[in-house]
Amino acid sequence: MGGSAGSTGGRIKHTYHIGEWGNPYEGGGTPGKGVVTYSVSPNRLRPFAGAFTKGFFNTVRRTRNQIFYMVPPFILAYSAMQWAIERNEYLNSKAGRAEFADEE
């Protein structure tokens with residue numbers, strides 16, 4: 001009942017390799033139905049187009065727009081650190097120890 005000697009009896013699954021993870025079209029697989037892929041030719045890509053002619057002026061413009069948001073916190077933090085350093089030096093000096101000796 002089993003079929004002829006050359007028949008596999010439907011035990012072989014006919015599939016195709018769809019490529020490795022991340023690149024399903026590498027191994028000759030076909031894209032899915034209704035999936036649209038776009039690409040740009042490597043000759044048309046210009047990653048540094050205008051980097052030297054427009055890049056400097058763009059950096060100046062962006063820095064100028066952000067300067068008033070960045071500088072005041074730095075000035076405030078620097079002033080607080082300078083006050084803390086001077087206060088620490090005074091408290092650890094001879095005069096500072098004499099002034100606050102009775103509080104300990």
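The values are calculated or read from the model by the stated rules, or taken from the named source; none is laboratory data. None of these values were measured; they are calculated from a predicted model. Please note: Cβ atoms are built from the backbone with ideal geometry, for glycine as well, and neighbour counts cover all protein chains shown.
Might you check whether a residue that is within 27 Å of residue 96 (Cβ to Cβ) and either aromatic (Phe, Trp, Tyr) or at pLDDT below 95 (or both) occurs anywhere in segment 66-78?
Yes: segment 66-78 contains one or more residues that are within 27 Å of residue 96 (Cβ to Cβ) and either aromatic (Phe, Trp, Tyr) or at pLDDT below 95 (or both).
Is it the case that segment 87-96 has a residue that's at negative phi and not in a helix (DSSP H, G or I)?
Yes, the conditions are met somewhere in segment 87-96.
State yes or no: is residue 51 hydrophobic (A, V, I, L, M, F, W, C), surrounded by 10 or more Cβ atoms within 10 Å (Cβ to Cβ) and at pLDDT below 90?
When the stated conditions are applied, residue 51 passes them.
Would you point out which residue out of 60, 40 is part of a helix (DSSP H, G or I), within 28 Å of the chain's Cα centre (by Cα) and modelled with pLDDT of 75 or more?
When all the criteria are applied, what remains is 60.
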